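A.B. asks: This structure is in structure tokens; I'll ask about it shortly.
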Amino acid sequence: MIYDVSALTKLAQACAPEIATEAVVPLVMTESGGDALRININRGPRVRAGSVAEGATIVRRYMAAGYTVDVGLGQINSANFSRLGVTVEQVFEPCTNLRLASSILQQSYGLASRFYTGLDAISATYSLYNTGTLTRGLRNGYVGRVWSAATAMGSIQAAPTLPMAQRPAALPYPGPARDPAGTQDDWVVGQVASRAIEVFK
């Protein structure tokens, strides 16, 4: 099923109420275009699933071959499934997927806010979500695309100026990066306690 912005907003309000829809909906639209069956094989071929069962089979096959795979509305990366305590089939479920995306955003914000404030912290949060790093998502254009989606949806009036993609102080812990082939000057999300955040309010 493909969700439009209105349907996705309602779903996010029901399934991920601890984070503002103005933050999560532009990210999800950037990640999947609202397609709950979206699969991305990192550094692999393009694939398309017609059902959850077919999608789960595809994901497992590529995971067994050593690929990481992004799944569903929020494109949750397979490297995080075990840590998040979910099966492949569960990740395809739209409400569960949004709940996971919200959890990752909260963890990422907890880390980003140690180095940035205000909208810069939110930009760094989006970078962490996309790349597992505070800055690479600023450099690769991803954060700009999320802000552009937020602007197009009316969540914000204009995209903010992005923070300089400078290397902050090294973090004390590593974690699974979404893109494991990143450079050594990047940092990944670790276990950060979740807490409710407000953005764009």
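The values are calculated or read from the model by the stated rules, or taken from the named source; none is laboratory data. Just so you know, these numbers come straight off a predicted model, no measurement behind them. Every residue, glycine as well, gets a Cβ built from its backbone with ideal geometry; the counts of neighbours run over all protein chains shown. For the accessible areas, the whole protein counts, side chains as well, though only heavy atoms, and no ligand, DNA or RNA atoms are used. Shrake-Rupley method; radii C 1.70, N 1.55, O 1.52, S 1.80 Å.
A.B. asks: If amide hydrogens are placed 1.01 Å from N in the peptide plane, which non-local residues have theirs closer than 5 Å to the one on Ile76?
C.D. replies: Sorted by chain and number, the residues that satisfy this are Val71.
A.B. asks: Ok, one more. Whole Å is fine, so just give me how far the alpha carbon centre of the range 22-73 lies from that of the range 131-147.
C.D. replies: Their Cα centres are 19 Å away from one another.
A.B. asks: Apply the Debye scattering formula to the range 28-176, with a single equal point scatterer on each alpha-carbon and no solvent, then give log10 I(q)/I(0) at q = 0.13, 0.19 Å⁻¹.
C.D. replies: Relative scattering, expressed as log10 I(q)/I(0), comes to -0.60, -1.18.
A.B. asks: Restrict the search to the range 1-54; then list the trypsin sites (Lys or Arg not before Pro) that DSSP places in a loop and that have at most 14 other Cβ atoms within 10 Å of their Cβ.
C.D. replies: Details: sites: Lys10, Arg38, Arg43, Arg46, Arg48; in loops: Arg38, Arg43, Arg46, Arg48.
Answer in residue order: Arg43, Arg46, Arg48.
A.B. asks: Let me ask you something else. Using a simple spin-label model with points 7 Å from Cα along the Cα→Cβ vector, what separation in nm is obtained for Arg139 and Ser51?
C.D. replies: Result for the modelled spin labels: 4.4 nm.
A.B. asks: Scattering from the C-alpha atoms of the range 2-115 alone, worked out with Debye: what is log10 I(q)/I(0) at q = 0.13, 0.16, 0.17, 0.20 1/Å?
C.D. replies: Each listed q maps to, in turn, -0.46, -0.69, -0.78, -1.04.
A.B. asks: Once you list every other residue whose beta carbon is under 14 Å from the beta carbon of Arg99, what net charge do they have if Lys and Arg are +1 and Asp and Glu are -1?
C.D. replies: Details: positive: none; negative: Glu18, Glu93.
Computed value for this residue: -2.
A.B. asks: Using a simple spin-label model with points 7 Å from Cα along the Cα→Cβ vector, what separation in nm is obtained for Cys95 and Met1?
C.D. replies: 1.1
A.B. asks: Keeping the other protein chains in place, figure out the carbon and sulfur percent of the accessible area of the range 20-68, with a 1.4 Å probe. Intermediate results must be reported in sequence, preceding the final value.
C.D. replies: Values: 1130 of 2270 Å².
Heavy-atom surface of the range 20-68 belonging to carbon and sulfur, 1.4 Å probe: 50 percent.
A.B. asks: Also, quick follow-up: In nm, what is the difference between 0.36 nm times the number of residues separating Glu18 and Ser82 and their Cα-Cα distance?
C.D. replies: Values: separation 64, 0.36 × 64 = 23.04 nm, distance 2.25 nm.
Here the segment from Glu18 to Ser82 would lengthen by 20.8 nm.
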